[in-house]
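The values are calculated or read from the model by the stated rules, or taken from the named source; none is laboratory data. Predicted model, so just to flag it, every value in this text is computed and none were measured. Cβ atoms come from the backbone with ideal geometry, glycine included; neighbour counts cover every protein chain shown.
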């Protein structure tokens, strides 16, 4: 699986949000590079699980739509006489 690449502004915003969360919830000061490294670790180790779940959810939607289309097409069938 390819590495999860986030645009720089989103990556910076996420790092800042993570830093605030750690300070607010755990009174833990993590700033700058340390926050970015933590975010990278989370993206590498946790991110694929969320990504895979997103793919599974998307596949379920596509499968349901395909079933709906197949059912609609089957209703178009006309009786054939020989």
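Taking each residue of the stretch 14-40 that is more than 17 Å from residue 4 (Cβ to Cβ) and looking for partners that are at pLDDT 95 or above and loosely packed, with under 12 Cβ neighbours inside 10 Å with beta-carbon atoms closer than 6 Å, six or more apart or interchain, yields 22/28.
Test residue 57 against the stated conditions and say whether it is surrounded by fewer than 11 Cβ atoms within 10 Å (Cβ to Cβ) and over 22 Å from residue 4 (Cβ atoms). For residue 57, the condition - surrounded by fewer than 11 Cβ atoms within 10 Å (Cβ to Cβ) and over 22 Å from residue 4 (Cβ atoms) - is not met.
Here's the yes/no breakdown for (1) in contact with a helix residue (DSSP H, G or I) (Cβ under 8 Å, 6 or more places away or on another chain); (2) at pLDDT 95 or above; (3) assigned to a helix (DSSP H, G or I):
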| residue | (1), (2), (3) |
| --- | --- |
| 18 | yes, yes, yes |
| 25 | no, yes, yes |
| 39 | yes, yes, yes |
| 59 | no, yes, yes |
| 62 | no, yes, yes |
| 68 | no, yes, yes |
| 79 | no, no, no |
